[in-house]
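Engineer: Here's a structure for you.
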Amino acid sequence: MRWLGIDLETTGLDLVNDRIIEVGAVLWDTERKAPLSVFSALVKHEGLIIPELITNLTGIKTEDCEEFGYSLPAVAMRLMTMLNKVDAVVAHNGHAFDKPFLINALNALPAKDVADAFAAKTWIDTKLDLPYPEGKGSGSMSVIAMHHEFLNPFAHRALFDVMTMLKIAAKYETSAIMELAKSPLVELIADVPFARKDEPKAAGFYWNPE
């Protein structure tokens, strides 16, 4: 089976006002547990200034995107050639962030077929769809990688985050992951006082700032 692992670096979390500044994509062979094709690109936008907070987090500067970046339509076409060869898309926290952010950005392009193609694919969220043993699936992706006995050398850079995510997924059965990915997504809300926040956290709940 072939998967397309994707990670985005963006100027923020707002789907409407923030922009993609880096895309990492890996076409992955689940049987060989190895990459078949790798794509990484900075994305440039006219007049965009990358906030200092994002530069401090990712290391990506405005001038990097201006000098080395590609337009989003050019990046989208490359992603489409990879998407046509895979059975599913993989992203960490993909249901909450990468999938809606990417599809929203692609919908703003003249060619709507790319956004539709991504929306139609099965999406695997490695935050939710891996059968982690208790205690090994919580925390940031870097922490989860440490639970699986390796390190991500460049956290918050798209390509390295994708490779880390796929290496974690490779430790589990593909069929079990696909079964979880195709199961209904149900949101459970722990309604507890703030003073008891550690109890749902210990049970695997995630904080929702809203």
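Engineer: Write out, first by first residue and then by second, each pair whose Cβ atoms fall under 9 Å of each other, whose residues are 6+ apart or on separate chains, and whose first residue, in region 185-206, is within 16 Å of Leu128 (Cβ to Cβ) and assigned to a loop (DSSP other than H, G, I, E, B) while the second is among the hydrophobic types (A, V, I, L, M, F, W, C) and open to solvent by 100 Å² or more (accessible area, probe 1.4 Å).
Structural biologist: Sorted first by the residue in region 185-206, then by its partner, the pairs are Phe205/Leu188; Phe205/Ile189.
Engineer: For Leu128, state whether it is at negative phi, crowded, with 16+ Cβ neighbours inside 10 Å and at pLDDT 95 or above.
Structural biologist: Numbers: at negative phi: yes; crowded, with 16+ Cβ neighbours inside 10 Å: yes; at pLDDT 95 or above: no.
Taking the combined requirement at face value, the residue does not satisfy it.
Engineer: Select from region 131-157 the residues that are open to solvent by less than 70 Å² (accessible area, probe 1.4 Å), among the hydrophobic types (A, V, I, L, M, F, W, C) and under 24 Å from Ile20 (Cβ atoms) and list them in ascending order.
Structural biologist: Met141, Ile144, Ala145, Ala155
Engineer: At least 1 residues that are among the aliphatic types (A, V, I, L, M), at pLDDT 95 or above and open to solvent by 30 Å² or more (accessible area, probe 1.4 Å) in each: list the helices (runs of 4 or more DSSP H) lying fully within region 37-92 that qualify.
Structural biologist: 52-58, 72-83
Engineer: A further question on this structure: Can you report the number of residues in region 30-73 which are touching a residue at least 24 places away in the same chain (Cβ under 8 Å) and either closer than 18 Å to Asp7 by Cα or not basic (Lys, Arg) (or both)?
Structural biologist: Count: 28.
Engineer: Output the residue which, of all residues in region 102-125 that are under 17 Å from Ala181 (Cα atoms) and among the aliphatic types (A, V, I, L, M), is surrounded by the most Cβ atoms within 10 Å (Cβ to Cβ). Outline the logic, then answer.
Structural biologist: Of the residues in region 102-125, the ones under 17 Å from Ala181 (Cα atoms) are 118-125.
Then drop every residue that is not among the aliphatic types (A, V, I, L, M), which leaves 119-120, 124.
Numbers: Ala119: 15, Ala120: 8, Ile124: 28.
Once the filter is applied, the top-ranked residue is Ile124.
Engineer: Turning to a different aspect of this structure: Quick one: what pairs do we get from region 146-166, first residue assigned to a helix (DSSP H, G or I), second surrounded by fewer than 15 Cβ atoms within 10 Å (Cβ to Cβ), C-beta under 7 Å, 6+ apart or different chains?
Structural biologist: Every condition considered, the pairs that remain are Phe160/Pro153; Phe160/Phe154.
Engineer: Any residue at all in region 13-32 that is on the phi > 0 side of the Ramachandran plot and either at pLDDT 95 or above or open to solvent by 10 Å² or more (accessible area, probe 1.4 Å) (or both)? Step through it out loud before you land on a result.
Structural biologist: Going through region 13-32, the residues on the phi > 0 side of the Ramachandran plot turn out to be none.
The answer is no; no qualifying residue exists.
Engineer: Collect the residues in region 84-112 that are under 13 Å from Gly24 (Cα atoms) and of a type in the set (A, V, I, L, M, F, W, C), keeping them in residue-number order. Walk me through it before giving the result.
Structural biologist: First, pick out the residues of region 84-112 that are under 13 Å from Gly24 (Cα atoms): 89-92, 98, 102.
Val89, Val90, Ala91, Leu102, listed by residue number.
The values are calculated or read from the model by the stated rules, or taken from the named source; none is laboratory data. Note that this is a predicted model, so its numbers are computed, not measured. Every residue, glycine among them, receives a Cβ derived from its backbone with ideal geometry; neighbour counts consider all protein chains shown. Each accessible area value is taken on the protein alone, full model and side chains, heavy atoms only, with ligands, DNA and RNA left out. Shrake-Rupley method; radii C 1.70, N 1.55, O 1.52, S 1.80 Å.
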